[in-house]
Amino acid sequence: MPDDDPELVVPEAVRDAVLERVRDGSPHEICGVFGGDFDPRRSRVRSQYPAENVAETPRTRYRIDPEEQLAIFERLEDRGEEIVGFYHSHPQGPPRPSATDAAQATWPDRSYLIVSLEPFAVGSWRWRSGESGGGESDGTDSNETEADSSDGGRFERERVRIVE
C-alpha cells in the first residue's frame, strides 16, 4: 500500500484482546468500539470497548444496542478519547466487509476492523460516505475497495500497524 493510504495504529495488547474475544465468541460475531485519537487519514487506537452483539442472527450479523453504544461513547469521551472506529468478526469469513456491513456503515472516515477466523485474517477499512468523495472504485483488487452502499459510500482498505 502506498504511504498516503489511511492507517490504523493498534497497540499489540488491544489487538490481542480483540482476537481473544473473537475466538471466545465463535461461532457468533463479536463487536465493539475503538477509542483513541481520530484522524481521517491516520487514527491511533488507545482502547477497545467490547459490546454485546444483539443481532437477531448473531452467527452472520452484528448489532450494538443503541443505548449500550451511547454509554460506550460517553465512557470514551470521559477518558478524553475520540471514536476511532468499530470492530467485529466474521467467524466463517469473508475476511472483508460484506454488503450488509456497507449498508449499515454510518460513521464517515472511521475504521471498521474485521477479524475472520476461516480463513484467518485481520483487516481494516475506512468508511467513505458518498458526500465525502468516496465515489467510484478505482478498479483495484476487491480486497482494496469493498462493497458500496446505495448512497454512494464505500469501504477503502487501510493499513493496520501494530505497536507495542
**OP:** Starting from residues that are in a loop (DSSP other than H, G, I, E, B) and surrounded by fewer than 16 Cβ atoms within 10 Å (Cβ to Cβ), keep the ones in region 143-164 and report whichever is modelled with the lowest pLDDT.
**Re:** 143
Original post:
If you go through region 82-105 one residue at a time, do you hit one that is modelled with pLDDT of 95 or more and over 26 Å from residue 24 (Cα atoms)?
Top reply: yes
Original post:
Can you tell me which residues in region 112-122 are surrounded by fewer than 14 Cβ atoms within 10 Å (Cβ to Cβ) and in contact with a Gly (Cβ under 7 Å, 6 or more places away or on another chain)?
Top reply: 118, 119
**OP:** Kindly indicate the residue of region 123-142 that is open to solvent by less than 40 Å² (accessible area, probe 1.4 Å) and either among the charged types (D, E, K, R) or at pLDDT 90 or above (or both) and also nearest to residue 20 (Cα to Cα) among those meeting that condition.
**Re:** 123
**OP:** Collect the residues in region 76-111 that are closer than 23 Å to residue 40 by Cβ, outside any strand (DSSP E or B) and open to solvent by 60 Å² or more (accessible area, probe 1.4 Å), keeping them in residue-number order.
**Re:** 77, 79, 96, 103, 104, 106, 107
Original post:
Which of (1) at pLDDT 95 or above; (2) touching a Phe, Trp or Tyr at 6+ places or on another chain (Cβ under 6 Å); (3) farther than 19 Å from residue 17 by Cα does residue 59 not meet, given it meets every other one?
Top reply: (2)
Original post:
What about residue 20, is it closer than 16 Å to residue 117 by Cβ and free of Cβ contacts under 8 Å to residues at least 60 places away in the same chain?
Top reply: yes
Original post:
Here are some conditions: (1) of a type in the set (Lys, Arg); (2) under 16 Å from the mean Cα position of the chain (by Cα); (3) farther than 19 Å from residue 161 by Cα. Residue 44 meets all but one. Which one does it not meet?
Top reply: (3)
Subject >> All positions within region 63-75 that are open to solvent by less than 40 Å² (accessible area, probe 1.4 Å) and within 18 Å of residue 114 (Cβ to Cβ) >> reply: 64
Original post:
Can you name the number of the only condition in (1) over 25 Å from residue 129 (Cβ atoms); (2) at pLDDT 95 or above that residue 48 fails?
Top reply: (1)
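The values are calculated or read from the model by the stated rules, or taken from the named source; none is laboratory data. Since this is a predicted model, take the numbers as computed values, not measurements. Virtual Cβ from ideal backbone geometry, glycine too; neighbours counted across all protein chains shown. In case anyone asks, the SASA skips ligands and DNA or RNA and just uses the protein heavy atoms, side chains included. Shrake-Rupley method; radii C 1.70, N 1.55, O 1.52, S 1.80 Å.
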